[in-house]
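Below is one structure, written out as structure tokens; the observations come after it.
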Amino acid sequence: MRQPTLRRRLQLIIALAAAMLLAMPVVDVLSVREVNGGVEALEHEYVPLLRVGADAQARLVALTRAFQEAVAAQDPEALEATAAQKAELEALLSEAPALVDRADLALLRRHLDEWYASAFGVSQELFSGVVGEELTVRIADMQEKHRVVERDLERSLTLDPARLAAGFERARRVGLYGLWARMSIRVPLTILVVALAIATARRLVRSLDTLRDGFERIGRGEFDRPVPAEGRDELADAARHANRMAGNLKALDAELRRGNAELERTNRELESFSYSVSHDLRAPLRSVDGFSQAVLEDYGDRLPEQGQDYLRRVRAGAQRMAALVDDLLRLSRVGRAELHRAQVDVSALARAVAEELARGSPERPVEVEVEDGLVAEGDAPLLRVVLDNLIGNAWKFAGRGARPRVEVAGLHEPGFAGFRVRDNGVGFDMAHAGRLFAPFQRLDSARDFPGTGIGLATVQRVVHRHGGRVWAQGEAGRGAEFSVLLPKTKDEG
Amino acid sequence: MDIEPGERRRTRRAALALAFALAFGWRHGSGEEMPAYHVVVHPENPVASLDRRALARIFLKNTTRWEHDGEIHPVDQSPQSEVRRRFDEEVLGRSVAAVRNAWQQAIFSGRDVPPPELGSDAMVLDYVRRDPQAIGYVSGKAELRGARAIPVR
């Protein structure tokens with residue numbers, strides 16, 4: 001499998017950033033150690049120097065006092081003991097740090113030896129009691145030697161400001177070097193990571209934009225313009241998948257269109273056929289009905305009662321069939337008529353339907369209540385068909401209740417507006433709700449309630465042609481409610 | 001220079017001693033009558049007299065230059081000698097041991113070198129006669145022989 005580039009780049013960025021973050025403390029530690037090293041060097045050189053210097057001076061003073069005390073006490077043993085003190089002083093000198101000039105130190109040792117010998121000799125002389133003229137000369141000489149030793153100590157074992165400054169300068173340089181070292185790692189690494197991140201982010205955004213545009217085109221159904229798939233990264237992969245998907249969608253779309261066209265053609269043929277059949281059926285039916293009526297009117301008195309009854313039955317059958325054919329024709333027209341959408345005053349339509357029904361059967365005391373201001377969007381004649389059927393049904397079935405009553409009220413959903421028609425009639429069993437809207441399906445007995453069974457099928461076809469929904473709710477013996485929702489193309493207001 | 005009562009007394013004593021000497025021949029008088037020491041300088045030294053404090057400062061080397069000019073070269077006597085004992089006690093106001101101790105400190109600390117201690121009056125006188133900047137002291141009985149004694153006030 002191909003290694004996806006984008007992932008590798010993101011991994012590289014993360015690795016670099018992590019390396020940078022990890023390297024920084026390491027470099028910090030190293031450079032701090034460097035600086036500390038410089039300071040420690042100062043400490044290792046100057047602190048011992050100060051210590052040895054101060055100590056050596058103190059020991060020289062002590063040694064001098066030891067000579068004086070030995071002489072004061074006239075104690076030869078104490079005088080001999082000064083040798084140990086001198087040895088200690090010499091040992092101390094050997095601890096002098098490397099900073100001290102070895103030649104200076106050697107000179108100091110020699111001068112110390114000379115002074116010690118001189119002081120020892122002078123002390124021995126002093127034991128004898130008299131400070132002769134010659135001894136005063138030797139004392140002066142000894143004192144000069146003492147001064148030389150003191151000067152040597154001063155010169156070689158005390159803090160030299162120039163040296164100290166040089167030490168600090170060295171430590172400072174080390175610190176500065178550490179800073180530069182840190183910066184020289186941090187700055188390029190940071191620039192590298194940031195540049196890489198920016199480049200990757202740009203590429204990512206560009207690829208995502210391309211991908212989004214591609215998906216938008218696919219969404220619009222432009223399957224012929226594939227998403228550009230350059231490079232070898234994941235987004236290019238995604239683009240290639242999108243293109244493949246677009247190809248499949250295109251094939252499906254074409255197939256669907258073909259199927260649809262076929263279906264439409266078949267449907268048209270079927271409708272045209274059923275229209276022709278219905279239309280052609282009407283003329284013979286009119287003949288049957290008309291001539292049956294003529295026989296009844298012209299020769300009724302010559303026919304026995306039973307014959308007249310048969311003829312009346314023939315006429316009723318013919319009339320029923322004519323109604324059926326009319327309904328079928330209406331259903332067919334509903335399917336074929338062009339839609340002219342407009343805002344329709346549903347309340348007014350419903351009242352007109354109710355008035356017509358009341359006129360048709362004035363003996364029925366049905367109470368119809370229509371909510372004011374009901375508005376829906378649709379084709380007015382077709383909505384009239386819907387209301388004719390629904391209110392007609394309600395009127396028909398409400399007849400059996402104690403107080404027959406039909407109610408037309410508004411119904412709203414986001415993007416939809418509609419109405420519901422409710423009666424308090426016989427209702428229906430919800431188990432059969434699915435069959436309600438199929439043509440020629442009747443839940444009730446045709447004997448009890450007149451009708452062709454095409455009305456609700458017509459309602460459903462109209463509503464579906466509007467892109468709306470229609471459904472029924474009911475309970476046996478407790479009335480039924482039919483709801484219609486039609487889409488709104490314009491905002492209410 | 002004012003003459004103090006002490007000096008007048010010493011002058012009287014000197015006159016008395018001279019009278020004795022004239023009467024009984026030149027000889028040493030008793031310790032009671034003779035001064036314990038003479039402070040001697042080179043005959044050319046213009047110093048007329050010194051008081052005890054100035055003398056002490058010279059012998060402890062606190063004063064190192066003559067008023068007229070030149071370095072002062074004090075010279076001491078042996079620490080065992082009587083004249084040293086008297087001089088240290090009367091002039092320096094301390095015992096010989098204390099003075100020596102102080103000098104030893106000065107020796108080893110390098111502050112100063114003590115005056116040379118000479119073994120006898122004769123050696124002191126000899127030293128003084130040789131060195132115009134020298135100052136020393138000799139016992140009262142010593143013959144000055146060319147050195148000049150200066151009165152101590």
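Dipole of the stretch A:2-46 computed with +1 at Lys/Arg Cβ and -1 at Asp/Glu Cβ about the Cα centre; of A:Leu22, A:Gly38, A:Thr5, farthest Cα towards the positive end is A:Thr5.
Placing +1 on each Lys and Arg Cβ and -1 on each Asp and Glu Cβ, with no other charges, gives chain A a dipole about its Cα centre of roughly 3380 debye. Of the three principal axes defined by the Cα atoms of the stretch A:342-487, the extents in descending order read 38, 31, 23 Å.
Within the same chain, aspartates and glutamates fewer than 8 places from A:Lys250 are excluded, and of the rest, those with a Cα less than 19 Å from its Cα are A:Asp213, A:Glu216, A:Glu222, A:Asp224, A:Glu262. Peptides A:211-223, B:77-89 ordered by packing proxy, namely the average of other Cβ atoms within 10 Å per residue, highest first: B:77-89, A:211-223. Sorted from fewest to most neighbouring beta carbons within 10 Å, what does the list A:Trp180, B:Trp66 look like? Exposure proxy ranking, most exposed first: A:Trp180, B:Trp66.
In summary, the lysines within cross-link reach of A:Lys86, defined as a Cα separation below 17 angstrom excluding same-chain residues under 8 places away, comprise A:Lys145. Farthest toward the positive end of the dipole of the protein assembly as shown, out of A:Ile139, B:Gln105, A:Leu303, is the Cα of A:Leu303, where the dipole comes from beta carbon charges about the Cα centre.
For the stretch A:281-336, the orientation-averaged shadow of the C-alpha convex hull comes to 3.7 nm² (one quarter of the hull surface).
The mean count of C-beta atoms from other chains within 10 Å of the C-beta of residues in B:69-76, rounded to a whole number, is 1.
When only the Cβ of Lys, Arg, Asp and Glu is charged (+1, +1, -1, -1), the dipole of the stretch B:37-150 relative to its Cα centre reaches about 220 debye.
Over the stretch A:269-392, what portion of Cα pair distances is larger than 25 Å, expressed as a whole percent? So the portion of pairs separated by more than 25 Å is 49 percent. Across peptide A:57-70, the average count of Cβ atoms from other chains found within 10 Å of a residue's Cβ is 2.
Once you treat every alpha carbon in the protein assembly as shown as an equal point and sum by Debye, what is log10 I(q)/I(0) at q = 0.10 Å⁻¹? With one equal scatterer per Cα and no solvent, log10 I(q)/I(0) is -1.05. Inter-chain neighbour count for A:127-140: the average number of beta-carbon atoms from partner chains within 10 Å of each residue's beta-carbon is 5. This ranking places A:Leu192, A:Leu349 by how few other beta-carbon atoms lie within 10 Å of each, fewest first, which gives A:Leu192, A:Leu349. Debye-formula intensities of the stretch A:1-280, expressed as log10 I(q)/I(0) at q = 0.07, 0.12 Å⁻¹, are -0.61, -0.92 (one equal scatterer per alpha-carbon, no solvent).
Highest average first, the peptides A:463-470, A:43-50, A:66-73, A:244-251 ordered by how many other beta carbon atoms sit within 10 Å of their residues are A:66-73, A:463-470, A:43-50, A:244-251.
We did not get these values from a lab; they are worked out from the coordinates using the rules stated. These figures come from a predicted structure and were not determined experimentally. So basically every Cβ, Gly included, is an ideal-geometry build from the backbone, and we count neighbours across all protein chains shown.
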